[in-house]
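FYI, it's all coordinate maths here, none of it is from the lab. What you see is a predicted model, and the numbers here were worked out from it, not measured in a lab. Glycine gets a Cβ as well: all are built from the backbone with ideal geometry, and neighbour counts include every protein chain shown.
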Ligand SMILES: [Zn+2]
């Protein structure tokens with residue numbers, strides 16, 4: 001039960017892989033995060049995708065359960081640095097492959113730890129594609 005942390009409130013209901021994902025998300029969501037404006041560890045989630053710094057009172061629109069998501073940082077790179085969507089995707093795929101290789105090595109020693117990529121949503125990928133297409137025109 002200690003492994004499931006906050007998700008232990010569900011008791012015997014739902015499957016343990018699901019509860020582990022919930023626990024993982026809630027750990028990030030409930031912890032105070034680093035504020036991008038003042039750099040202090042005081043960013044708190046106040047509502048869905050709304051993050052507020054308790055020190056400098058900055059309100060940030062971030063991810064639903066984490067202040068910065070993989071998708072969000074991708075959009076930032078496209079808009080602010082003018083990088084191309086396809087290049088970023090290639091980079092992410094490369095990282096994924098490397099992670100998988102490392103996991104395969106660990107698998108022989110330990111049980112495989114499943115990393116959840118819950119923050120990458122298909123709908124967002126499509127909208128980023130549209131966005132990068134519009135920017136390049
Ligand atoms: Zn702040």
Q) Considering only region 38-61, how many residues are more than 13 Å from the ligand (Cβ to nearest atom), in a loop (DSSP other than H, G, I, E, B) and in contact with a strand residue (DSSP E or B) (Cβ under 8 Å, 6 or more places away or on another chain)? A) 1
Q: Would you check if there is a residue in region 22-37 being in contact (Cβ under 8 Å) with a residue 40 or more places away in the chain, in contact with a strand residue (DSSP E or B) (Cβ under 8 Å, 6 or more places away or on another chain) and closer than 30 Å to residue 93 by Cβ?
A: no
(Q) Can you confirm whether residue 78 is assigned to a helix (DSSP H, G or I), surrounded by 12 or more Cβ atoms within 10 Å (Cβ to Cβ), away from the ligand (no atom under 16 Å from the Cβ) and in contact (Cβ under 8 Å) with a residue 40 or more places away in the chain? (A) yes
